[in-house]
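First the structure, in the form of structure tokens, and then the observations on it.
Quick note: the coordinates plus some simple rules give every number you see, no bench work behind them. Since this is a predicted model, take the numbers as computed values, not measurements. Cβ sites come from the backbone with ideal geometry, for glycine too, and all protein chains shown count toward neighbours.
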Amino acid sequence: MRFYEHEAKQVLQKHGVPLPKRSVATTPEEAETAAAEIGGPVVLKSQVLSGGRMKAGGVKFADTPAEAKDAAAAILEIEISGQKPMGVLVEERRAIAQEYYAAVTWDARAKKPVIIFSDMGGIDIEEVAEQHPDHLSRTNFSNLRPFSDYIAKVAVSKTGVTGNHLGPLTRIVTALARVFVQYDLTLAEINPLARLEDGTFIALDSHMDMEEEARTSQRALLRELGIPDEDTRLARPPTPFEVAGAQVDAADTRGVAGRVVEFDGNMGLVIGAGGGSLTLFDAVRAAGGKPANYCEIGGNPSVAKAAALTKLVLSKPGVEKIAVMMNVVSNTRADIMARGIIKGCIEAGRDPGETIAIFRIPGSWEDEGFKILRKYGVDFVDRSVSMHEAAARAVAKMGA
Amino acid sequence: MSILIDENSTFIIQGITGREAVTMTRELLNYGSKVVGGVTPGRKGRDVHGVPVEDTVRAFTERMEVTGAIVAVPPAFAADAVMEAIEGGIKLIVIVTERIPRKQVAEFIEYAGQEGARIIGPNCLGLISPGKSKMGGIGGAADATQRAFKPGSIGVMSRSGGMTVEISNALSEAGLGISTAASIGGDAIIGSNYAELMPLFEADPETKGIAIYSEPGGPSEAMLAEYMTASKSRLPVVAFMAGRFMDAMPGMRFGHAGTIVEGRADTTAEKIARMEAAGISVAERIEDIPAILKQRIG
């Protein structure tokens, strides 16, 4: 889950990283008051869970409280990547001598955290990595030994930083690494990390992502930041259909039947599981089909869970038929799936034989499943028909 | 031959008294796997389908040779169970459990590396050397497993458990069969990725080719491409790439925890280009894999 900039800065502040004077405003009037309290020129930044704020017009400068009020009014109206800002961060504006980049993230190759540091901050870090590799360092550290400050010093020093700049930068990078470990983050970034004209160092912008699985163990931090449990922080807010999908999954602990994402098409999908869903969604598109949804079902769900997901998919306006497809299953039972999907169709007031364009779940208990499907006149195939062939057969049945 | 497990391998199951683990134990025994013990704290003296249960891993490792441990305990206790298995001297650990926090996964992988233990998973279905042994829920019931996994010459590796079975089934139906299939897990950080298992397949004379399932996110495909270029591997590799629709949807999470497009390198288009440049064939559909392998093996 992603944190807003002002939340990430609150975390940094707790750990002694120097920051500009700042305040979050949710109305133009609040921004005016905040600017007056800060005194002098300010920068106003849209608080959204996405990058590209500068380009989208979500960052503005103001010299007076009156200008700050107008700037905030403009920013609060601008949607960025489909998101309305939760507020505007009003921050004192300082004269910058140099910008640096510092981040800690997971390195899936080394299977350890990695510190990425550069003395060329403020710009796209992937560009720095490609064009100025000598200005960027990568330093892994152990998962088992406690973090030691020298590791941050090495990371900073590798880019050629020395003298009286090395100490303060080492302290900030050390704090960033400890924050990363302590709060189960997947990214802790300060960009830019600025050296001011008065020689001090300050974190101007920060981006943090936390492990989704850590929400329970990090509840204390989330409370401190005022983030409620129901605040999902997805790349885009879930639709009511997707929220209902999450409820279907949560209602029963057996198996998985959720991860529902909505699309515009006419063909409902009841597909599984992780890799199988990715494969089948591609297969439907490759055959020219228009999926109404993505979902994942598997892990041996109950009849009730399969039925609830089926009903949900059929409730979406414009869904003509559903395709029920999985890879060769290991622990999910084909007969339970067949029973659940047929039950879901009937409860939705639809004829299973008409509504189910194809049923392809080869594997355990498939013969029992076939018996049930035959009884309701459902078109089913076994493993001799591939996932791509099954998808194409379903697409061919959709309305002309 | 095969890699990692064969007919002589002996296993314990940590968390053996859990509902899913009880089913898995029966399926493993029916398939012929040598399950010599199970561990559930406080259940010492009981048995699961005739397999004795102890409170600790050491209770088994102190009195017998144990090749591997299957970890099937809930996510909150999984990291502790893995640490206990490593500390008990077990050198092959298959972790079935899903949703273990990444930090804990990285910790036990680093500890396993120090102790010379190999981790498969987490969030995987495990390993199978058809006709010899299987380790984990892969294939399900014994008869279903026998149908999908015929002994043969292809090594299979997959980030998706279900697609390990689907691809293996296609290879079995086509008469090629499987030397060993490994469901390596769908998380962002896993114990063994494709490139780390390749040298084992390389050293197995029965393995004539490799099939992999791949998806967006993470460096596994790039690492395999680098391995193939650097090692001049004797083995032809065919990859199936799923999740092509995700290229246009950065930041959205579909499928496994490790499947998220965060940068250019995570897209399927970029992965396909890298793999093809390293001599890996990329199949459009599962059913195309056997024919490409047959042609490349010659």
Could you let me know the centre-to-centre spacing of the range B:265-286 and the range A:245-274, using Cα atoms, in angstrom? 29 Å
Per GNM of chain A with C-alpha springs under 10 angstrom, the most fluctuating residue out of A:Glu130, A:Glu32, A:Glu211 is A:Glu130
Among A:Glu347, A:Glu213, B:Glu27, what is the fewest-to-most ranking by other Cβ atoms within 10 Å? A:Glu347, A:Glu213, B:Glu27
Just to confirm the number: angle between the C-alpha axis of helix A:387-396 and the first principal axis of chain A, 0 to 90 degrees, nearest 10? 70 degrees
Quick one: if the Förster radius is 22 Å, what FRET efficiency do A:Lys84 and A:Ser315 give, using the C-beta to C-beta distance and rounding to 0.05? 0.20
Size of the dipole of the range B:1-117 about the Cα centre, Lys and Arg at +1 and Asp and Glu at -1 on the beta carbon, nothing else charged, in debye to 20? 300 debye
For the range B:145-160, 3J(HN,Hα) per residue [Karplus equation, 6.51 cos²θ - 1.76 cosθ + 1.60, θ = phi - 60°, Hz, x = Gly/Pro]: 5, 4, 6, 7, 10, 9, x, x, 10, 10, x, 10, 9, 8, 6, 10
In nm, the gap between the two label points placed 7 Å beyond Cα toward Cβ at A:Asp70 and A:Val181 is 5.0 nm
Quick calc, the range A:240-396, dipole around Cα centre from Cβ unit charges on Lys, Arg (+) and Asp, Glu (-), nearest 20 debye, gives 180 debye
In degrees, nearest ten, helix A:5-14 long axis to first principal axis of chain A (Cα): 60 degrees
Separation of the A:Ser384 and B:Lys294 label points, Cα + 7 Å toward Cβ, nm: 1.7 nm
Under 10 Å, Cα contacts only: if you run a Gaussian network model on chain A, which one of A:Gly16, A:Gly163, A:Gly245 comes out with the highest mean-square fluctuation? A:Gly163
State the extension gain, in nm to one decimal, for the chain segment bounded by A:Gln247 and A:Leu225, taking 0.36 nm per residue of separation less the distance between their alpha-carbons. 5.3 nm
Can you give me the C-alpha center-to-center distance between the range B:203-241 and the range B:137-158, rounded to a whole angstrom? 20 Å
Counting only other chains, and only Cβ atoms inside 10 Å, what mean value do you get across the residues of A:325-336? 6
Hz values of 3J(HN,Hα) by residue in the range A:263-273 - Karplus curve (6.51, -1.76, 1.60), Gly and Pro given as x: 10, 8, x, 10, 10, x, 10, 10, 10, x, 9
Identify which of B:Gly177, B:Gly126, B:Gly116 has the largest mean-square fluctuation in a Gaussian network model of chain B, with springs joining Cα atoms closer than 10 Å. B:Gly116
Mean shadow area (nm²) of the C-alpha convex hull around the protein assembly as shown is 31.4 nm²
I'd like the mean, over residues of B:164-177, of how many other protein chain beta carbons sit within 10 Å of each residue's own Cβ. 3
To test your reading of the geometry: what angle, between 0 and 90 degrees and rounded to tens, separates the Cα axis of helix A:166-182 from the longest principal axis of chain A? 30 degrees
Using θ = phi - 60° and the Karplus relation 6.51 cos²θ - 1.76 cosθ + 1.60, list the HN-Hα couplings for the range A:32-38 in order, rounded to whole Hz, with x at every Gly or Pro. 4, 4, 4, 5, 5, 5, 5
Among all the aspartates and glutamates, which ones have a C-alpha under 15 Å from A:Lys305's C-alpha, if same-chain residues fewer than 8 places away are not counted? A:Asp249, A:Asp252, A:Glu296, A:Asp335, A:Glu347
Given charges at Cβ of Lys, Arg, Asp, Glu: chain A dipole, positive-most of A:Leu234, A:Phe117, A:His6: A:Leu234
Per the helix-only calculation at 222 nm, which mean residue ellipticity applies to chain B, given -39500 (n - 2.57) for every DSSP H run of n ≥ 4 and division by its residues, nearest 500 deg cm²/dmol? -10500 deg cm²/dmol
Around A:Val329, which amide H atoms from residues at least 5 apart in sequence, or from another chain, sit under 5 Å from its own amide H, with H modelled in the peptide plane? A:Gly363, A:Ser364
Nearest 500 deg cm²/dmol is fine: what mean residue ellipticity at 222 nm does chain A get from its DSSP H runs of n ≥ 4 alone, each adding -39,500 (n - 2.57), divided by its residue count? -11000 deg cm²/dmol
Sorted by chain and then number, the residues having a modelled amide H within less than 5 Å of the amide H of B:Gly218, at least 5 places away or on another chain, are B:Ile260
Relative contact order for the range A:42-83, counting Cα pairs under 8 Å that sit 6 or more residues apart, in percent: 46 percent
Find the centroid of the Cα atoms in the range A:306-353 and in the range A:10-79, then give the distance between the two in whole Å. 49 Å
With the contact rule set at Cα under 8 Å and sequence spacing of 6 or more, what percent relative contact order holds for the range A:96-224? 27 percent
Charged-residue dipole, Cβ positions (Lys, Arg, Asp, Glu), the range A:96-224 about Cα centre, Debye nearest 20: 740 debye
